[in-house]
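Visitor: Shown below is the structure under consideration.
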Amino acid sequence: MQQRLYGLIGGKLGHSYSKIIHEKIADYTYELLPLPTEAEARTFMEKRAFAAINVTIPYKQFVIPYCDVVDPKAQSIGAVNTIVNRDGKLYGYNTDYAGFAYLAGAHGVDFAGKTVLILGTGGTHSTVTAVCRDGGAKEILTASRTGKGDALLYSEAMHRPDVQIIVNTTPCGMFPNVGQCLIDPKAFPALEAVLDVVYNPFRTELLLRAEDYGVTAAGGFEMLVAQAVFAAEHFTGRQLDTAAIIPAVSRELRHQLANVSIIGMPGCGKSTVGAALAKRLDKKFVDLDAEIERRTGHNIPDIFAQEGEDAFRRYEADVLAEVAKSNSQVIACGGGVIKSPANTRALRQNGPVLWVRRPLEALATGGRPLSKGGAALKQLEAERTPLYEAASTVVLENNGSLGEAVDAAVKLFETDEKL
Ligand SMILES: Nc1ncnc2c1ncn2[C@@H]1O[C@H](COP(=O)(O)OP(=O)(O)OP(=O)(O)O)[C@@H](O)[C@H]1O
Ligand SMILES: O=C(O)C1=C[C@@H](O)[C@@H](O)[C@H](O)C1
Ligand SMILES: [Mg+2]
């Protein structure tokens, strides 16, 4: 009798979104099946007690000898991420290939005639190389930490001004080690696009820098969804309307997982609007100021009075870096959070940054250390307006009732296609 087990095997699966994705697109139950040791992976494959599985790190090569039939594409890449059990016979496929090709196509990245630099020599490197080669890339360079074989060192790769497309296939910048980056996009004068297979956070440090540099930048989230949809076609033996399903599922899940960060002048309504918005969007509400008070055990006016603004900014940056890594949150920030570009990038990594604008005379001032006196507040506004403008991705005018502001914020989020 055919077993009905569907799921994902891999070494560590704590942060995989595959269960949510598969259960959105098909009607089977999908299990995360961590197999920490190779011995466990061997037993699992020998038993064949599953209907269909996905395979992730570190077993994409390991599973190949257990398959009775391996799709030629998967064979030539040397990695299988999808196995279907048909009457006891195992059929292996690679849907990461189509997933990465989808990601590139969805962002208008065409490899034909281009010089591509691939970061990393691990499992995904061969999949990405195959897509670039089949897409007609002129030259494919690889960079790695050791520079072994044909690979360049990262420092050498920075001296290749001909590079037009960069693809990161390493886990660098991935949760929880966010903020790390192997190379600086600014070193590449001919750069057109950067793709990163990492999907958590949505925008790695590499992608945030690429965006700041003004080139196309896309993370691995749509690739993850696409490879799952293509795998579901193999699992069910049915053709799906992939062109419609992939963007729809990506969009829905991104909205579900995204953070909304709220910035703006002291007393403009960030905490009040933020708390109501979190309820409406079914997200966790985090007030950064309250979180700093909770973690330090001191209230903010006391921190300013006793340790000064610089000390407060350090607490703020540390707490923000931790909070902004998680997802499905509305984060109301303190008014000065945008003074540091690192804070701004931390906010942008997982969703939109909403700038709440409120007329100066309506700003609340009580208990706010930097809001003393009308002239000082006006000066603060003049200094900070360009910073809020640069840090934000959407603007909310808070000049009507509170209810209107919250409704407008919900609408801005739901119609945000950039996230
Ligand atoms: N549209 C509005 N109508 C009426 N009151 C408002 C409106 N928006 C905000 N407020 C009020 O303004 C005050 C300040 O709001 P809130 O504390 O949310 O600001 P904040 O931006 O979080 O301040 P801080 O910078 O100190 O964190 C609150 O009393 C809030 O109820
Ligand atoms: O993290 C995940 O859930 C996955 C990642 C990729 O390896 C995919 O190939 C795999 O199917 C699922
Ligand atoms: Mg507040």
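The values are calculated or read from the model by the stated rules, or taken from the named source; none is laboratory data. Because the structure is predicted, anything quoted here is derived from the model rather than measured. With ligands, DNA and RNA removed, areas are computed over all heavy atoms of the protein, side chains included. Shrake-Rupley method; radii C 1.70, N 1.55, O 1.52, S 1.80 Å.
Visitor: Report the residue, chosen from Ile165, Ile246, Ile300, that carries the largest GNM mean-square fluctuation when the chain is represented by alpha-carbon nodes joined by springs under 10 Å.
Guide: Answer for the Gaussian network model of the chain: Ile300.
Visitor: Still on this structure, please answer the following. Rounded, prolate or oblate: which one fits the range 177-272, using the alpha carbon gyration tensor with axes a ≥ b ≥ c (rounded when a/c is under 1.5, else prolate when a/b beats b/c, else oblate)?
Guide: Cα axes put the range 177-272 in the oblate bin.
Visitor: Report P(r) for the range 171-219: all Cα-Cα distances, bin width 5 Å, range 0 to the bin holding the largest distance, values in whole percent.
Guide: Computed distribution, short to long bins: 5, 26, 34, 22, 10, 2, 0.
Visitor: Name the lysines eligible as straight-distance cross-link partners of Lys325: C-alpha to C-alpha under 27 Å, and not fewer than 8 places from it in the same chain.
Guide: Within the straight-line limit of under 27 Å, Lys325 reaches these lysines: Lys12, Lys19, Lys24, Lys186, Lys270, Lys279, Lys283, Lys284, Lys339, Lys411, Lys418.
Visitor: Please say if the range 98-219 is rounded, prolate or oblate, where rounded means a/c under 1.5 for a ≥ b ≥ c the square roots of the C-alpha gyration tensor eigenvalues, and otherwise the choice is prolate for a/b larger than b/c and oblate otherwise?
Guide: Because its axes are fairly even, with a/c under 1.5, the range 98-219 counts as rounded.
Visitor: Over the chain, average the accessible area per residue using a 1.4 Å probe and give it in Å², no decimals.
Guide: Here the per-residue accessible area is 44 Å².
Visitor: Give me, ordered by chain and number, the residues 5 or more places off Asn94 or on other chains with an amide H under 5 Å from its own placed amide H.
Guide: Ala74, Asn81
Visitor: Could you tell me what % of all Cα pairs in the range 258-414 have separations over 20 Å?
Guide: It works out to 45 percent of all Cα pairs.
Visitor: Further, regarding this structure: Two decimals is fine: what is log10 I(q)/I(0) at q = 0.06, 0.14 Å⁻¹ for the chain, from a Debye sum with one equal scatterer on every Cα and no solvent?
Guide: Reported log10 I(q)/I(0), two decimals: -0.29, -1.22.
Visitor: Further question: Run lengths n ≥ 4 of DSSP H only: what is the helix-derived mean residue ellipticity at 222 nm for the chain, with -39500 (n - 2.57) per run over all residues, to the nearest 500?
Guide: Computed mean residue ellipticity for the chain: -12500 deg cm²/dmol.
Visitor: Determine Rg/Rh for the range 68-153; Rg is computed over alpha-carbon atoms and Rh is the Kirkwood hydrodynamic estimate from the same atoms.
Guide: Value, to two decimals: 1.05.
Visitor: Roughly to the nearest percent, how much of the accessible area of the chain is carbon and sulfur, given a 1.4 Å probe?
Guide: Roughly 51 percent, rounded to a whole number.
Visitor: Taking H placed 1.01 Å from N in the peptide plane, check which residues at least 5 places from Asn168 or on another chain put their amide H under 5 Å from its amide H.
Guide: The answer is Leu119, Leu195, Asp196, Val197.
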